[in-house]
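To start, the structure under review is shown below, and the notes come after it.
None of the figures in this text is laboratory data; all of them are computed from the coordinates on show. On a predicted model such as this, the values are computed, not experimentally measured, just so you know. So basically every Cβ, Gly included, is an ideal-geometry build from the backbone, and we count neighbours across all protein chains shown.
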Amino acid sequence: MSDVEAILQDAFAMGDEGRWLEMAQLLGEALQDDPDEPYLLCWAGVAERELGNDGASYELFKRCIAQNPLDAHLLAIAGSGLAAYGDPDAEIALRAAALSQPDLATARIQYGAYLARAGLFEEAFEHLAAGLALTPEDPVAHGEMGVALALKGDLAAAAEAMENALDIAPEDSWTRLLLGLIYLELDRPEDGAQTLADAARERADDAEAQILAALACAAAGWGESAEEALARAEYSAEGTDAELLSETGDRIASGPDEARSLLMDQVAPSALHDRLTQPL
């Protein structure tokens, strides 16, 4: 086993246990001795992304792709990392991954997801369907299919795909939030309110999720749940529009109709669009 393989094995074990800081430190030290090793760069980028260090993550993925790796799995991971930051090199890397190893589910799914967010739906669905066929129990495959369908405007099919994703990975609060917003658009207000309330409790630091849940619960007449979500929004309000937070409180106090108006006319459509365009 090479030194790089041994380091990666230790790093993967740390990642499996959620020890992202230790993983980032291990790979960072290894990169001091081998700064152009694409595997070290890629997985260091993953660790930094999990730690929320977006700038460091982006630079590591960029450096990885600059080494012109041939490994389709590496290209898919680093390419999807670049896509999260809107880097045009992402398309080149993801296309190379999908075309060079078409039986690699990750490559097909990530390229399909990229194409869907670019509005190229016919080709996107081809790759997403292939990825889903290769890994039918992968929640990411179902979730990305749901996102693509929602972006195309087929919300009923999108909801079904996201329900499938959550059946496999019930801890996926990001997909749960998207599903709640889609339920609202499908005129299923109680399903939307319950799903958003569940997602908001799971995403306690996501102030927008709290606002969405508060308004949806208030619109459904669930006053206690609305107040709970509003309190969490106020607690996690850093970076949140203070005017929107104040208006949310006023609308909830004014009754279900006022809460529903703010939710459906302004807040929910914008949140759905913004979150659909962000990688899962």
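Summary table
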{"quantity": "Neighbour-count order for L134, L51, fewest beta carbons within 10 angstrom listed first", "calculated": "L51, L134"}
{"quantity": "Choice from G249, G45, G18 with maximal GNM fluctuation in the chain (Cα, 10 Å cutoff)", "calculated": "G18"}
{"quantity": "Gaussian network model of the chain, springs between alpha carbon atoms under 10 Å - residue of I65, I92, I211 with greatest fluctuation", "calculated": "I92"}
{"quantity": "Order of H73, H273 - criterion: other Cβ atoms within 10 Å of each residue's Cβ, fewest first", "calculated": "H273, H73"}
{"quantity": "Positive-end residue of M14, Q32, T195, charge dipole of the chain with Cβ unit charges", "calculated": "T195"}
{"quantity": "Part-to-part distance (alpha-carbon centres) for segment 138-196 and segment 1-26, which is given in Å", "calculated": "33 Å"}
{"quantity": "Neighbour cut-off at most 16 other Cβ (10 Å), DSSP loop, chymotrypsin sites (Phe, Trp or Tyr not before Pro), segment 57-128", "calculated": "Y85"}
{"quantity": "Nitroxide proxy distance, nm - points 7 Å out along Cα→Cβ at D265 and A169", "calculated": "3.7 nm"}
{"quantity": "Check: the chain dipole with +1 on Lys, Arg Cβ and -1 on Asp, Glu Cβ, in debye", "calculated": "560 debye"}
{"quantity": "Space enclosed by the convex hull of the alpha-carbon atoms of segment 186-280, per residue, Å³", "calculated": "92 Å³"}
{"quantity": "Segment 114-270 pair-distance distribution - Cα-Cα, 5 Å bins, rounded %", "calculated": "2, 11, 19, 19, 18, 13, 10, 6, 3, 1, 0"}
{"quantity": "Distance cut-off 19 Å, percentage of C-alpha pairs in segment 1-66 lying past it", "calculated": "21 percent"}
{"quantity": "All-pairs Cα distance distribution in the chain, expressed in whole percent, bin size 5 Å", "calculated": "1, 6, 12, 14, 15, 15, 13, 10, 7, 4, 2, 1, 0, 0"}
{"quantity": "Candidates A156, A124, A214: whichever shows maximal mean-square fluctuation once the chain is modelled as a Gaussian network with Cα springs under 10 Å", "calculated": "A156"}
